[in-house]
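What follows is a short report on a single structure.
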Amino acid sequence: MNRAVSLARIFLALLVLCAGLFLQTGTALSAQSSDEQEARAILLEIDDLWRATSSQGTVRMQVKTANYTRSMRMEMWSKGKDKSLVRIISPLKEKDTASLKTGNTMYTYLSKTDRTIRLTSSMMMSSWMGSHFTNDDLVKESRLAEDYEPRISFKGKREGREIIEFTLLPHPDAAVVWGRIVMTVTAQGHLPLLATYYDEDNVLARTIYFSEVTNMGGRLLPALLKVVPTDKPGEYTELVYESLRFDLELPESLFSLLELRRR
Amino acid sequence: MQLATMAWRTLMRSKRRSVITAFSVAFGVLLSVTFTASGDYAYTNMINTSAVMGLGHLSVEHQDYQDTPTLDKRLLDAEAVQQKALQIPGVTAAQVRIMGQAMFASGAKSVGGAFIAIDPARETPAHNIFLRTLMEGRLFSAGEEHGVVVGAKMAEKLNLRLGKKLIFTMTDKDGELVSELGRVSGIFKTGDDSVDGTVVLLPLALVRKALGYEPSAASLVAIFLADHRQAVPIKTTLARLWVKSQDIGVLTWQESQPDLAGLIKVDRLFNYLLQFLVGLVIAAGIMNTLLMSVMERRREFGVMMALGMMPGQVVRLVLLESCWLGILGLILGVIITTPWFFYMATVGLDFSRQIGEDYSAGGVLVDPVMKFRLYRESALWIAGAVFSLTLVAGIFPAFKAGRTTPVENLKQG
Amino acid sequence: MLIVSFAFRNFNRARTRTRITVAAMAFACAIMIFYASLLEGWLAGMEKNAVGMDLGEFQVHARGYRADPDLYKRIAGEEEVLAQLDRAGFVAAPRLYASGLAAAGNASSGIELRGVDLLREPLVTDIHQHVWQGQWLAEDDPAGVVVGRKLARILGLKLGDEVVVVAQAADGSMANELFRVRGILKSVSEGVDRGGFFLAAAAFRRLMLVPQGVQQIVVKRRQASEDLTRATGRLARLLPCYEVRNWRQLQPVLARLFEMSDVSLVIMLLITYAAVGILTLNALLMSVFERIPEFGVMKALGFSPWGLFAMIVVESMLQVTVAVFLALAAGLPLSFYFAIHPIDFSSFVQSSSTIAGVALDAKWYCVVTVNSVVLPVIFLYLVAGLAILYPALKAAMLKPLAAIYHR
């Protein structure tokens, strides 16, 4: 599941990045405006961005690989950094199959057999729902700020647009496979445009493209994400947000095994 | 005593035949030593190799760890166990280790495997085959919190080099997933592809922290003995130390590695069967030779019996001949076997071209060099068996000698 | 021929000594026949376990499958290929493979799913006879599965237990299905023991959404007498677009083990016969030396040295021949007995064990083959022939006068 590993991480990291709009809250952090401080501030907000305190939305996912093309619609909920629930709406065959993440634990409910399995280390690297994401990506997505040290590597014009480019370097002890992540956001509004993942040997492994900036749930963010693995040309996973709401009242019981099985 | 001297003189009369028969016995000794010693060497080697592959000659672990080796099953105070074990005579080392399954990832690739978490300050190559077979780099030091040592095959699969990152993910004691960073400090190559592609050495401290273990907890304490044959008695001694504790179990290598134990048992049985068959053949040959000699000396026996020798004495006479043959044979056997034994015990025969370096049996790599190792008990056993066989071979001829009447014997012309 | 008639007459002299010598040789030969049959039985058992149970004599895959197994690297149009193989004198069965996850209770483990063609597989391998507990797969029980020994232990499975299988189907969706444990296998090989998960081909296809094509075709020669290497070449020419391998290429370590065993039999024979040879040598020497005066007279009367040599050799060969007949009379029934009633090690060996990755049987059958009878007999002649050389030469070189007066 090579294509999935970093893609998901980047995707999720950028999910968070998209909320750069809400920097206002973050800039109050520190008066110092050294590059590093700024980068860190933006990163902290990005980490929180797509989550806010809670969120709910529907997403359409399209996966194209050498062997199949798949289309799915899912509903997602999240609360804080640790809890998230994804339930498949279509296709019919997989309706109600769901993924529940609480902290470091992930469960998958299989609607067809009405069984829940808990994620074990041997399943970590397998693809999530047949996409280019792995289960590991979903579990690790909320740790960007803890695992990486951000630096602004470029500020200026590229392809006619004012952009800021961040380089995220992993902390020496962080349990992440990557050498570095490079994110590009718009200078105005901090909307993510591009994210690239490099392994330790500085080889580009994946790229995520962000587009279709839309107003959703009161925020301006890219509604279309396209994840492209470098080693498998022609393959990609595309996520389209159809609707999103933030800061709702979501009960704790929503993120429980029992809820997982509810049809 | 007179009979004994007579028996000896009889043997000396037909020197050639006696020497040849003694040689036959000697040959039997040679064969027996060859089979037993090569077997014992191979088994000891395999047992010791499997011991240094992780579990030692004895292992002290949680009761249920053997059946379901998940990481929640642990010894709460493994350090104490290790201290106690080291005090028992016969124990050369005791290593505290955590062993379990994990997922290893580097860059875009990942592979499942097994880890052995060791304490670099206490582990030595003598007790750890992976340290012995390091081909690149070295073991991480006590200060290197994140050092790891991987096998050559895994390094190939995950594109690893010295210094590169390796992320490992395990299920901790509460069932949660935990990941940690490792940096490759060394690469080993045992020659067995499946071992080289799945085993990774991790630092004990790091794994303890990641799994949320108590400060002196571990999966097991691997105990190494000077002589693997002491495993069962030492197990009894050890088990008594923790008889009150419900959670602690002591396993011999036979119990923790039943595949290997089964294999050795079968091979040993085959070996004994073989030696028995050859022994039979040699005994039959000796019996026939003795019979021939008895048949030829019927006149002689007739004269002796006519002069007053009891049949019982005749029987004893022949038996004593057979006794002398046995002794002679043993001495001759020792003479011809010793140089061969010394050669095989030190240099041995190298079969690596025929079997190759990656031959494994019972889950353990087999050394392609055939060598000898004879335990004192085995040597005594062989001597005893050979001697008894020679004696047994003489029974029928002795009986035959004592049976016929003097007159019939004298008739032989 | 004068020589032969003399040899025959001499045979009847010194009866006791001759009898004893012949008896010793016969005994040695009989034991060797028994031992050789035991060894052949062991080898046959190993080969049956290795090859006949699961590996098959040949395996056919799509190119690149073995290097990097993949649900999508398939042999298309397998029915046509099977028909082709049938016409060419092979027996074949298609197999479907995929990797997945099995979960039962709180435990889960990676597995290798195997879709079995229930009609054809028994024609090629014997795995259906190696069920330890429960039964093999059946057409009328699509949800029944058979699992490997160690897998059952890891998942804590007993007969009748439910097990969930999760895998990525061919269309990328998450395949999941409930199965019931119908049978647990005996030890087959490391791979099958740890992750073997067998289900009917139809059930596999439904689960993994692979309606056509197979990952592997396992093949056996219809005529076991055909040479393996030649058959491999034939098979490869028949299916040029696929990868064909025989079991020796698939398991080189195992192949080496068998080669070594043949060598060990010869070594054993030499060693044992040498032990016997030494003893019979003495008898032969004596029988020659006692007759030196006789030989002297014969030579004086015109017998040529070579004639004498030949006569002694023929004498000894006669003895060996009688010994051989006796040996066959004793050794064959013994071996046949153990061919039917095996030596049973099961009480000594609790769990199963593997050598070079193949299961070891605790029951040991004798197998009487041409090799196991002919080799011991031939070697006996050889060793006896060698032993008689010195005495016979000595006799041939005698000077008649010195011989006549020899005492």
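Residue order for A:199, C:86, fewest other beta carbons within 10 angstrom first, comes to C:86, A:199. Averaging the sequence gap over all C-alpha pairs within less than 8 Å and six or more residues apart, then dividing by the number of residues, gives segment B:146-203 a relative contact order of 53 percent.
Of interest is the spacing of the C-alpha centroids, which for segment B:246-310 and segment A:63-132 amounts to 68 Å.
The calculated FRET efficiency for the pair residue B:86 and residue C:68, based on their C-beta separation and a Förster distance of 56 Å, comes to about 0.70. Pairs from the table (B:189/B:371; A:81/A:226; B:153/C:220; A:112/C:220; A:112/B:165) lying more than 29 angstrom apart at Cα are B:153/C:220; A:112/C:220; A:112/B:165. Relative to a virtual label point 7 Å from the Cα of residue C:88 in the Cα→beta-carbon direction, which members of segment C:223-241 show backbone nitrogen distances below 11 Å? Only C:231-241 fall inside the zone, counting backbone N under 11 Å.
Shielding value for A:174-181 is 5, the average number of Cβ atoms from other chains within 10 Å of each residue's Cβ. Listed by chain and number, the lysines whose alpha-carbon sits under 20 Å from that of residue B:244, ignoring those within fewer than 8 places in the same chain, are B:73, B:84, B:235. Using 17 Å as the cut-off for backbone N distance, which residues of segment C:136-163 belong to the label zone defined by a point 7 Å from the Cα of residue C:178 along Cα→Cβ? Under cut-off, by backbone N: C:141-145, C:158-163. Suppose R0 equals 45 Å. What FRET efficiency, 1/(1 + (r/R0)^6) with r the Cβ-Cβ distance, do residue A:258 and residue B:111 give to the nearest 0.05? It comes out at approximately 0.80.
Of all lysines in the structure, the ones whose alpha carbon falls short of 28 Å from that of residue C:394, not counting any fewer than 8 places away in one chain, are B:15, C:299.
Segment C:64-240: Rg/Rh from Cα coordinates, Kirkwood Rh?
Values: Rg = 16.6 Å, Rh = 16.9 Å.
On the Cα set of segment C:64-240, Rg over Rh gives 0.98.
To the nearest 20 debye, what charge dipole does the protein assembly as shown have about its Cα centre, counting +1 at the Cβ of each Lys and Arg and -1 at the Cβ of each Asp and Glu?
4380 debye
Between residue C:238 and residue C:301, the modelled labels are 6.9 nm apart [label points 7 Å from Cα along Cα→Cβ].
Here the relative contact order of segment B:64-246, from alpha carbon pairs under 8 Å that lie six or more residues apart, stands at 31 percent. Distant-in-sequence amide contacts of residue A:205, defined by a placed amide H-H separation under 5 Å and a gap of 5 or more residues or a different chain, comprise A:197, A:198, A:199.
How much FRET efficiency would the formula 1/(1 + (r/R0)^6) give for residue C:209 and residue C:79, where r is the Cβ-Cβ distance and R0 is 25 Å, rounded to 0.05? Please list the in-between numbers first.
Values: r = 19 Å, r/R0 = 0.78.
Once the sixth-power term is evaluated, E becomes 0.80.
Using the Cβ of residue B:88 as centre and a radius below 11 Å, the other residues enclosed give a net charge of +3, where K and R count +1 and D and E count -1.
Each of C:373, A:86, C:320 was scored by other Cβ atoms within 10 Å of its Cβ. Arranged with the fewest first, they read A:86, C:373, C:320. In order along segment C:103-109, the Karplus-derived 3J(HN,Hα) couplings, from 6.51 cos²θ - 1.76 cosθ + 1.60 at θ = phi - 60°, round to 10, 8, x, 9, 9, 9, 7 Hz, and Gly and Pro are given as x. Other protein chain C-beta atoms within 10 Å of residue C-beta, averaged over B:273-285: 6. With an a/c value of 1.5 or above and a/b larger than b/c for the gyration tensor axes a ≥ b ≥ c computed over the alpha-carbon atoms, chain C is described as prolate.
Which three semi-axes in whole Å describe the equivalent ellipsoid of the protein assembly as shown, each the square root of 5 times a Cα gyration tensor eigenvalue, listed largest first? Write down the numbers at each step before the final one.
On the way: eigenvalues 1177, 205, 115 Å².
Working from the Cα gyration tensor, I get semi-axes of 77, 32, 24 Å.
Mind listing which GluC sites (Glu not before Pro) in segment A:103-186 are in a DSSP loop and have 11 or fewer other Cβ atoms within 10 Å? Of the GluC sites (Glu not before Pro), the ones in loops of segment A:103-186 whose Cβ has at most 11 other Cβ atoms within 10 Å are A:159. Under a 5 Å amide H cut-off, with hydrogens placed 1.01 Å from N, residue C:175 pairs with C:167, C:168, C:169 among residues at least 5 apart or on other chains.
Rounded to two decimals, what is the ratio between the C-alpha radius of gyration of segment B:188-304 and 2.2 N^0.38 Å?
Values: Rg = 28.1 Å, N = 117, 2.2 N^0.38 = 13.4 Å.
The reported ratio for this selection is 2.09.
Across segment B:293-304, coupling constants 3J(HN,Hα) worked out from phi with the 6.51/-1.76/1.60 Karplus curve, θ = phi - 60°, read 5, 5, 4, 6, 9, 4, 4, 4, 4, x, 4, 4 Hz, and Gly and Pro carry x.
Distance between the pseudo-spin-label points of residue A:248 and residue A:36 (7 Å out from Cα toward the beta carbon): 4.2 nm.
With 0.36 nm allotted per residue and the present C-alpha distance subtracted, the residue A:224-residue A:188 stretch has 11.1 nm of extension available.
Taking segment C:1-109, which trypsin sites (Lys or Arg not before Pro) meet the DSSP loop condition and have no more than 15 other C-beta atoms within 10 Å?
Values: sites: C:9, C:13, C:15, C:17, C:19, C:48, C:63, C:66, C:73, C:74, C:87, C:95; in loops: C:13, C:63, C:66, C:73, C:74.
Counting only loop positions with at most 15 other Cβ atoms within 10 Å, the trypsin sites (Lys or Arg not before Pro) in segment C:1-109 are C:13, C:63, C:66.
Label sites at residue C:19 and residue B:19, each approximated as a point 7 angstrom past Cα along Cα to Cβ, lie 3.1 nm apart.
Could you list C:60, C:322, B:199 so that the one with the fewest beta carbons within 10 Å of its beta carbon is first and the one with the most is last? Display every interim value, and only then the final one.
Numbers: C:60 27, C:322 18, B:199 24.
With the sparsest Cβ surroundings first, the list reads C:322, B:199, C:60.
Here the Gaussian network model covers chain B, with springs between Cα atoms less than 10 Å apart; of B:307, B:71, B:274, B:307 fluctuates the most.
Averaged over the residues of A:105-117, the number of partner chain Cβ atoms lying within 10 Å of the residue Cβ comes to 4.
Note: relative contact order over segment C:64-240, using C-alpha pairs below 8 Å and six or more positions apart, is 30 percent.
Only the coordinates and a few stated rules stand behind these numbers; no lab work does. Not measured: the values here are computed from a predicted model. Every residue, glycine as well, gets a Cβ built from its backbone with ideal geometry; the counts of neighbours run over all protein chains shown.
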